Amino acid sequence: MIGGYRVVRKVAAGGFGVVYLAVDAEGRQVAVKEYLPASLATRAPGELLPQVQPEKLSLYRLGLKSFFEEGRALAQISHPSVVSVMNFFRENETVYMVMNYLEGASLQEFIITARDIKQTKVFRESTIRSLFDEILRGLRIVHQHKMLHLDIKPTNIFITDDNKSVLIDFGAAREVLSKEGNFIRPMYTPGFAAPEMYRRDTSMGPWTDIYAIGACIYACMQGFPPNEAPQRLENDRIANALARLRGVYSDNLIEVVEWCMSLDPLSRPQSVFALQKELNREGERRYTKLSVSERVRLQFDTMVSDTKKNVQKETGVGGKPK
């Protein structure tokens, strides 16, 4: 029993916490998320209290505070496309967040299934537009509450059994720990984190979540995530990858993804409303098909880019021997 909820089983565990299926006093199923950052705390089997080394205690408490505040903020939001937080409380020297239990599958699972069928289109364009229209409605409310999600990716977009799409697993505590803790590796999912998330000296805002939305749409089109931001800063191949999809998806949708995934934060949509407006734009959707010579040129450019990269890896920067 935790805070009056009977834990049934562990549903998921990640680097920052554990999610349980539990039952409340009325017998309703709920999801209980526990703050337990693997890099800062350990817990022996059968124990309730996390063990934190003294030198990591201040960082553990900082993340704990952020997780608690996130729960409090989410409890004020009521929208079908945002996970519903019904309760949050401190117990066992950690914090628990109680949410409605969703049945269905993540967008990532749908992408993998669709990709394995090996169709020309991973998802139809109409499906992509309606799915992200729902998600953006929820994200807009989140931003209006002065919150950012900071961890939007296909595994954090949940499609319920009654075909509702819901944003889950916000990343405020993760972001605080990433910025304050000198961890060797960034705590982000490659491909979906905006470039500014890898730096300590840049501000984040709605445009940071919008980059991730663009990356999710890209994954729905390609079946795979885009290259991660640091890699793109060295050698950006997004335009080439999207160009190959001309004729499969409309020019407008391809341009929307490029806009969202601009490496410069100021070049992206600055608000969810601006993105919604473009995504819902009515009118004739053009499909520009590439000529054979254009396709060959794209393949050639990719081959040259890969060759240069391999030479630099083998010889060192600028092609000089190590």
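Bear in mind that the values in this text are calculations on the coordinates, not laboratory data. Note that the structure is a prediction, hence the values are computed from the model and not measured. Note that we place each Cβ from the backbone using ideal geometry, even for glycine, and neighbour counts take in every protein chain shown.
Segment A274..V8, full-extension length gain: 91.4 nm, with 0.36 nm per residue of separation and the alpha-carbon distance subtracted.
Label separation (Q51 vs S203): 4.4 nm, computed from points 7 Å beyond Cα along the C-beta direction. Couplings 3J(HN,Hα) for the stretch 124-140, derived from phi with the Karplus relation 6.51 cos²θ - 1.76 cosθ + 1.60 (θ = phi - 60°), are 5, 4, 4, 5, 4, 5, 5, 4, 7, 5, 4, 4, 5, 4, x, 5, 4 Hz, where x marks Gly and Pro. The phi-based Karplus calculation (6.51 cos²θ - 1.76 cosθ + 1.60; θ = phi - 60°) puts the 3J(HN,Hα) values of the stretch 154-166 at x, 6, 9, 10, 9, 9, 6, 4, 9, 6, 9, 9, 10 Hz, whole numbers, x for Gly and Pro.
Each of W259, W207 has some number of other Cβ atoms within 10 Å of its Cβ, and from fewest to most they run W259, W207. Between rounded, prolate and oblate, where does the stretch 67-106 land on the alpha carbon gyration tensor, with a ≥ b ≥ c its root eigenvalues, rounded for a/c under 1.5, else prolate if a/b exceeds b/c? Because a/c hits 1.5 or more and a/b fails to exceed b/c, the stretch 67-106 counts as oblate.
Placing dummy labels 7 Å off each Cα toward the beta-carbon, the span from W259 to S39 is 3.5 nm.
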